[in-house]
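Quick notes on the structure that follows.
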Amino acid sequence: MRIITVGGSGTIGRRLVPALRSRGHDVIVAGRTSGDVHVDLASPPTIEAMYREVPAVDAVVSIAAHGALDDFRTLTSEALHANMRAKFFGQAELVLAGQHHCADGASFTLTSGIFADQAWPHVTGGGAISGALHSFVLSAALELGRGMRVNVVSPTMIGDSVDAFGEQFPGMRPVPMNELVDHYVQCVEGDDTGRVIRAYG
Ligand SMILES: NC(=O)c1ccc[n+]([C@@H]2O[C@H](COP(=O)([O-])OP(=O)(O)OC[C@H]3O[C@@H](n4cnc5c(N)ncnc54)[C@H](OP(=O)(O)O)[C@@H]3O)[C@@H](O)[C@H]2O)c1
């Protein structure tokens, strides 16, 4: 399959891209400054331009753009909207625009996160983004045409990110990276659609 991975140079991408290539797939890496093709999930015109540059792919995997931490007592709706721009609206746009550019039967695999399901301090925006992605995928899967599929992988903190995030999220049990990579591969190669895959370790 010909696959675009948005964020393929990041922590998950660095492990997922070689796994997909080792299974014989042709993988194109996209990022704002990294990768083979440039795209910014916060900018819908760049998403359209990416699909024009790399048309008719068989799969799109998005592993890019974190939600920012926030403080509920000073949070504003403007800040919430800005936080949702890349990770929620950008990933939604990958599917909304992608349905007109990708090959018949193409799959979209998005990434959310555990805060959709688990309360934690300073992640009101992160939780809202991930919860919205879960709901988006359920309904989008019903209406996508031409045999296309859409799923979302919801990771907890990943084993490879404990050094980066472990202090922010003490006591959170990490998911092993190889387990997470298997979920993305299954989304690309399997038949599932409308699934929220909770990779919570
Ligand atoms: N790591 C974890 O423990 C963890 C846990 C739960 C959920 N997640 C979620 O998994 C996803 C990937 O996480 P990660 O840790 O692999 O991220 P990462 O290491 O920060 O890498 C992010 C990748 O995405 C690209 N990127 C960032 N912002 C972008 C944007 N606006 N448009 C296009 N590309 C963009 C980056 O490249 P450029 O800089 O070139 O754009 C980079 O290749 C994120 O949504 C994250 O919230 C991660």
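Each reported figure results from applying straightforward, stated rules to the coordinates on display, with no laboratory input. On a predicted model such as this, the values are computed, not experimentally measured, just so you know.
Note on the chain: helix-only mean residue ellipticity at 222 nm, from DSSP H runs of 4+ residues weighted -39500 (n - 2.57) and normalised by residue number, equals -11000 deg cm²/dmol.
If you wrap a convex hull around the C-alpha atoms of segment 132-201 and split its volume per residue, what is the figure in Å³?
Hull volume over Cα atoms, normalised by residue count, gives 86 Å³.
Screening the chain for whole DSSP H helices of 20 Å or more along their axis (Cα) with average Kyte-Doolittle hydropathy at least 0.5 returns 124-143.
Measuring nothing but how far apart in sequence close Cα pairs (under 8 Å, 6+ apart) lie, relative to its length, the chain scores a relative contact order of 20 percent. The ratio of the alpha-carbon radius of gyration of segment 2-199 to the globular-protein estimate 2.2 N^0.38 Å is 0.97. Among PRO44, PRO121, PRO174, the residue with the largest mean-square fluctuation in a Gaussian network model of the chain, with springs joining Cα atoms closer than 10 Å, is PRO121.
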